[in-house]
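Chemist: After the structure tokens below, expect a handful of questions from me.
The values are calculated or read from the model by the stated rules, or taken from the named source; none is laboratory data. As the structure is a prediction and not an experimental result, all values here were calculated from the model. Glycine gets a Cβ as well: all are built from the backbone with ideal geometry, and neighbour counts include every protein chain shown. The area values use the complete protein model at the heavy-atom level, side chains included, leaving out ligands, DNA and RNA. Shrake-Rupley method; radii C 1.70, N 1.55, O 1.52, S 1.80 Å.
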Number of protein chains: 2
Amino acid sequence: MLKNWIPEEVPSQEEIKERLEKARRELYDLQMKIKNRKLPVLVLFEGWSAAGKGSIIGRIIKNIDPRFFKVATMAVPTEEENRKPFLYRFVKQIPEGGKFTLLDSGWMEQTTREVLDGTLTEEKYETRIESIKRFERQLTDNGYLVLKLFFQIEKEEQDARIEKLLGDRDTEWRVSEYDRWQNGHYKKCRKVFGRYLTDTNLPAAPWYIVNAGEKKWAELQVMETLVSAIEVALQNEAHSVPLLQNVFPLKKTPELKDVELAGKVLEDEEYKSELKRLQKRLGELHNRLYRKRVPVIITYEGWDAAGKGGNIKRITEALDPRGFEVHPIASPEPHEKARHYLWRFWTRLPKDGHIAIFDRTWYGRVMVERLEGFCSENDWKRAYNEINEFEKELTDWGAVLIKFWVHIDKDTQLLRFTERQNHPEKQWKITEEDWRNREKWDLYEEAVDEMLQKTSTVYAPWHVLESVDKKYARIKALKIIIGELEKVLD
Amino acid sequence: MLKNWIPEEVPSQEEIKERLEKARRELYDLQMKIKNRKLPVLVLFEGWSAAGKGSIIGRIIKNIDPRFFKVATMAVPTEEENRKPFLYRFVKQIPEGGKFTLLDSGWMEQTTREVLDGTLTEEKYETRIESIKRFERQLTDNGYLVLKLFFQIEKEEQDARIEKLLGDRDTEWRVSEYDRWQNGHYKKCRKVFGRYLTDTNLPAAPWYIVNAGEKKWAELQVMETLVSAIEVALQNEAHSVPLLQNVFPLKKTPELKDVELAGKVLEDEEYKSELKRLQKRLGELHNRLYRKRVPVIITYEGWDAAGKGGNIKRITEALDPRGFEVHPIASPEPHEKARHYLWRFWTRLPKDGHIAIFDRTWYGRVMVERLEGFCSENDWKRAYNEINEFEKELTDWGAVLIKFWVHIDKDTQLLRFTERQNHPEKQWKITEEDWRNREKWDLYEEAVDEMLQKTSTVYAPWHVLESVDKKYARIKALKIIIGELEKVLD
């Protein structure tokens, strides 16, 4: 078992009382600083059943303004949550900047349960641990305070507490089958817990073992640890994190200037017959992936007026409307901006068997946010790796992920802009902003090239759709999607 | 086994040649940037025996100016190295800023060997892994590029290579007993290697598995990984790292203003008899700790003219001169300044059974370096934790670590300064700088208080020596040292 913060001995009641009062005053004062600095605070309460997590959470929140915190009891995942990636239901809960989320059990509880009931094999466990470590590291890299508490009680103490709960009709219901099983298999559980704690003891999000044998003492340990962790987090003023070496094998991708656009055209007739044939095929595959419960994510990025909308339309025409969703991505809303930038994509992930199509994506971070200065240089430079990790998460989950860059040249864009301008029924499609972006074409091209190079991983490569002839691009997209789906369905 | 960077298939010889040339040119160009940016680069070559680490190192260094790199073959530790902490011989090798160190096997090789031969029990293995992770993280936090390569070959390939070496009188000697044992126990070794790779796969210092079945291809993988890692490291311009939560239990320590100085005096007679008695006792203990091979580290910090020198003298008088060393610490020399700031202390650690006394210490980082701006704010704020980790390393190794703050008040200092000034034989003891420091007394007091609070861990607490009466302070120091030594010797 980890040895962090195992206090040697319980202080006197007198001392506990005094220190508790001090910690409460400090936490009260820190609240406003957290709010002003927009620090998001995520506190995980994990540990043995009947160790008193719930009642300590109840005491802690008495010291926090109710507008600033949320308690989430995670229990077991719902049917719907089971059809999303493992981390989905936890990511959903991460707080906005300036607020607390207190989780009553989290990803440790679920992971160790799955080890204990045999669901997680050794290999899957290792993948899970990698994914948890990346998740927590991304949170702390993005300025989150992640505080992880493990409530430790001994077997006899746990037994006594369970017996006490069972002895009272009002509390009986709180004891689950699993709680009793845990006590009966204390040693086995301790081994699994101990390994998990060691495996996930990250520098920026370490574990604290709370000696939970005595309530007031446990409360004090939590309060003092919380105060100390907040004080450290508030010191990290100018948030900037060293960039990490890339560990994901990359696929060589051409630079945009080397993409041949000329000659990528289709005659009307061929287009029509191909479109019909491919859409029919895609419809069939959609049914099969629904039954096989394969999640599919298709993303579109590309130049303004490159033809994303029409391309997407040719895909969705072929699909059963109950089985897909299109997410047009605009600039983030305030509650989205206040969280990790991938949060709004995590929460839009499809259920397995479903297709999600993103019209613009998380790549906004390394394009518009980069060029318009909506995030810091460190933020977007770090994002290549964060995005590769995110997409690894998705493909490890079993998702088919297809990424399109819809490509045209600068002259073609001008032609289409002018046409839109001159046709009243198309004018809604063109804005001042489009013209402004166009002026930054070269800067965008540089950013896109860097993005294509750094995020074309072997598990989620970019596909460039040559779209000077939109028909050509549509047929190419359909073929790529069909090809990728056939790989997993056949 | 980790799946980082296992390339799918070997490219054609043509492609390898072309990419190798490109990578060579790039590495050549990067050299100057590394030099200008003073980036220290540490490359670890680990992996199976006969996997070709040595010959690849030979090829890599052809692309680097000989003034900028050093190759260190670590082999097994010497008798002397075995009497130092495990990491000692590796820390010694870390490069200066602007230079490369290439290690032909390092702490992985030694650790996995010790697991395989049974020296490292499960518990010791876990402590070792923690210590390695901290070491690597401290390096990357301090701006080091740490690149870790594991050379992977299959059992049959290894067998064939060993046979080939054995078949030639010129190469026969290169095959060790252990190499053959490894091949005979390939599966067992793979399990131990695999676990180590997983356990130490840090975000800022990840592992790369080099497919070493084919020489040119292995060389290319190393070259491309090296180039890519350097490019990332060079992007981390303004080096600043988020502060970490404290995980070390602290001992409450009074603030300096609450230290009672009045009345802490000793009469001459009592002093003399106590001194004699205690020095005799210390001498006895010194003999015993020599035989028991306990390393002892005693550190002195304190106000100018507080009486450190005289205090140290009363300790060393009692010791066998063959068994101790005093390290007066001045400002670092250029070759020390160009490395991790703890390097010059690591290299001065005593052998077990010996005593090292430091007259000023690594705490300079959070006092003079902080106040004089010799390091960045992030550097000294990070240092509290780095120092706690360093001292944990020392006490885990088995060292007795005793830290003194020699304390006087401001008036006493003035008195002593003036006396020094007025007595020609003492004038060498007082400089302009002492007067300048004195002007910053309040700032120093603040820094010292923060230091005492944040680095008084339960395993290495601070002891304040009230030294208005130097005799009192000397006797107190002797008593504390004797008490701590008795704890481990009795």
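Chemist: Does the stretch A:439-490 come out rounded, prolate or oblate, given a ≥ b ≥ c as the square roots of the eigenvalues of its C-alpha gyration tensor, rounded meaning a/c under 1.5 and, failing that, prolate meaning a/b above b/c?
Modeler: Oblate, because a/c is 1.5 or more while a/b does not exceed b/c.
Chemist: On average, how much accessible surface per residue is there in the protein assembly as shown, in Å², for a 1.4 Å probe, leaving out ligands, DNA and RNA?
Modeler: 45 Å²
Chemist: As an exercise, take the mean of 1/r over every pair of distinct alpha carbons in the stretch B:349-401, invert it, and state the Kirkwood radius in angstroms.
Modeler: 12.3 Å
Chemist: At the nearest 100 Å², what buried accessible area, both sides summed, do you get for A and B when the probe is 1.4 Å?
Modeler: Looking at A and B, the buried total is near 3300 Å².
Chemist: So which trypsin sites (Lys or Arg not before Pro) in the stretch A:194-295 are both in a DSSP loop and have at most 11 other Cβ atoms within 10 Å of their Cβ?
Modeler: Those that pass, being in a loop and sparsely packed, are A:K252.
Chemist: For chain A, what is the percent of antiparallel DSSP beta bridges, rounded to the nearest 5?
Modeler: 5 percent
Chemist: Across the stretch A:356-372, in residue order, what do the Karplus-derived ³J(HN,Hα) couplings come to in whole Hz, using 6.51 cos²θ - 1.76 cosθ + 1.60 with θ = phi - 60° and x for Gly and Pro?
Modeler: So the Karplus estimates, Gly and Pro as x, are 10, 10, 9, 8, 6, 8, 4, 6, x, 4, 9, 10, 5, 5, 5, 6, 8 Hz.
Chemist: Taking the C-alpha atoms of the protein assembly as shown, how large are the radius of gyration and the largest Cα-Cα span, Dmax, in Å?
Modeler: Reported Rg and Dmax, both Å: 32.0, 114.
Chemist: Hey, quick one: spin label on B:E486, modelled 7 Å out along Cα-Cβ, who in the stretch B:272-300 has an amide N within reach, i.e. under 14 Å?
Modeler: Inside the label zone: B:277-286.
Chemist: Which of the residues in the stretch A:218-246 show a loss of at least 30 Å² in accessible area from their chain by itself to the complete set of protein chains, at a probe of 1.4 Å?
Modeler: Buried-area filter returns A:V232, A:Q235, A:N236, A:S240, A:P242, A:L243, A:L244, A:Q245, A:N246.
Chemist: So, one more: Could you tell me the largest-minus-smallest coordinate of the C-alpha atoms of the stretch B:230-349 on each of the three principal axes, in descending order and whole angstroms?
Modeler: Computed over the Cα atoms, the extents are 67, 40, 30 Å.
Chemist: Follow-up question, since we're still on this one. With the Cα gyration tensor of the stretch A:196-292 in hand, give its eigenvalues times 5 under a square root as the equivalent ellipsoid semi-axes, listed largest first in whole angstrom.
Modeler: In descending order, the three semi-axes are 58, 25, 13 Å.
Chemist: Next up: Measure off, as a whole percent, the carbon and sulfur share of the 1.4 Å-probe accessible area of the stretch A:138-224, all protein chains present.
Modeler: Carbon-and-sulfur percentage of accessible area, whole number: 49.
Chemist: Let's see if you can work this out: charge +1 on each Lys and Arg Cβ, -1 on each Asp and Glu Cβ, no other charges. What is the dipole magnitude of the protein assembly as shown about its Cα centre, in debye to the nearest 20?
Modeler: Roughly 660 debye for the protein assembly as shown.
Chemist: Turning to a different aspect of this structure: Per-residue ellipticity at 222 nm for the protein assembly as shown, helices alone: DSSP H runs ≥ 4 residues times -39500 (n - 2.57), over residue total, nearest 500 deg cm²/dmol?
Modeler: When only DSSP H runs of four or more count, the value is -16000 deg cm²/dmol.
Chemist: Loop-only check: which GluC sites (Glu not before Pro) in the stretch A:1-91 are DSSP coil with at most 11 other Cβ within 10 angstrom?
Modeler: Within the stretch A:1-91, the qualifying GluC sites (Glu not before Pro) (loop, at most 11 other Cβ atoms within 10 Å) are A:E8, A:E9, A:E79, A:E80.
Chemist: Enumerate lysine pairs in the stretch A:230-315 that are 8 or more residues apart or on different chains, then count those whose Cα atoms are under 17 Å apart.
Modeler: 6
Chemist: Now for a different question. In Å, what Kirkwood hydrodynamic radius results for the stretch B:1-109 from the alpha-carbon pair distances?
Modeler: The Cα-based Kirkwood calculation yields 16.0 Å.
Chemist: Let me ask something else. I need the phi-derived Karplus couplings for the stretch A:388-403: 6.51 cos²θ - 1.76 cosθ + 1.60, θ = phi - 60°, integer Hz, Gly and Pro marked x.
Modeler: Karplus-based 3J(HN,Hα) across the stretch A:388-403 equals 4, 5, 4, 5, 4, 4, 5, 6, 4, 5, x, 6, 8, 10, 10, 10 Hz.
Chemist: Can you give the log10 of the normalised intensity I(q)/I(0) at q = 0.17, 0.25, 0.26 Å⁻¹, computed with Debye over equal Cα scatterers of the stretch B:331-375?
Modeler: Treating every Cα as an identical point scatterer, log10 I(q)/I(0) equals -0.54, -0.98, -1.02.
Chemist: For chain B, just run the numbers: alpha carbon Rg, then divide by 2.2 N^0.38 Å, N being how many residues it has.
Modeler: Working it through for chain B, the quotient is 1.13.
Chemist: Suppose a student asked you for the relative contact order of the stretch A:55-195, using Cα pairs under 8 Å spaced at least 6 residues apart; what percent would you report?
Modeler: Contact order relative to length: 18 percent.
Chemist: Roll a 1.4 angstrom probe over the protein heavy atoms and tell me the percent of accessible area of the stretch B:321-470 that is carbon or sulfur.
Modeler: Roughly 50 percent, rounded to a whole number.
Chemist: Give a quick list of GluC sites (Glu not before Pro) in the stretch A:278-327 that DSSP marks as loop, anything other than H, G, I, E or B, with at most 14 other Cβ atoms within 10 Å.
Modeler: A:E317
Chemist: Let a ≥ b ≥ c be the square roots of the eigenvalues of the Cα gyration tensor of the stretch B:304-394; is it rounded (a/c under 1.5), or, if not, prolate (a/b larger than b/c) or oblate?
Modeler: prolate
Chemist: Could you tell me which of rounded, prolate or oblate describes the stretch A:57-169, using a ≥ b ≥ c as the square roots of the eigenvalues of the alpha-carbon gyration tensor, with rounded for a/c under 1.5 and, failing that, prolate when a/b is larger than b/c and oblate otherwise?
Modeler: oblate
Chemist: What does the convex hull of the alpha-carbon atoms of the stretch A:124-183 project to on average, in nm²?
Modeler: 6.3 nm²
Chemist: Nearest 5 is fine: what % of DSSP beta bridges in the protein assembly as shown come out antiparallel, could you say?
Modeler: Given both bridge residues lie in the protein assembly as shown, the antiparallel proportion sits at roughly 5 percent.
Chemist: Label-point separation (nm) for B:T347 and B:E267, each offset 7 Å from Cα along Cα-to-Cβ?
Modeler: Between B:T347 and B:E267, the label points sit 5.1 nm apart.
Chemist: Give the relative contact order (percent, whole number) for the stretch B:155-227; include only Cα pairs under 8 Å separated by 6+ residues.
Modeler: In percent, rounded to a whole number, it is 19.
Chemist: For the stretch A:1-88, with only Lys/Arg (+1) and Asp/Glu (-1) charged at the beta-carbon, what is the dipole magnitude about the Cα centre, in debye rounded to 20?
Modeler: So the magnitude is around 520 debye.
Chemist: Given charges of +1 on the Cβ of Lys and Arg and -1 on the Cβ of Asp and Glu, with all other atoms neutral, how large is the dipole of chain A about its Cα centre, in debye to the nearest 20?
Modeler: Value, rounded to 20: 800 debye.
Chemist: Can you give me the relative contact order of chain B as a percent, contacts being Cα pairs under 8 Å and 6 or more apart?
Modeler: Relative contact order, chain B: 19 percent.
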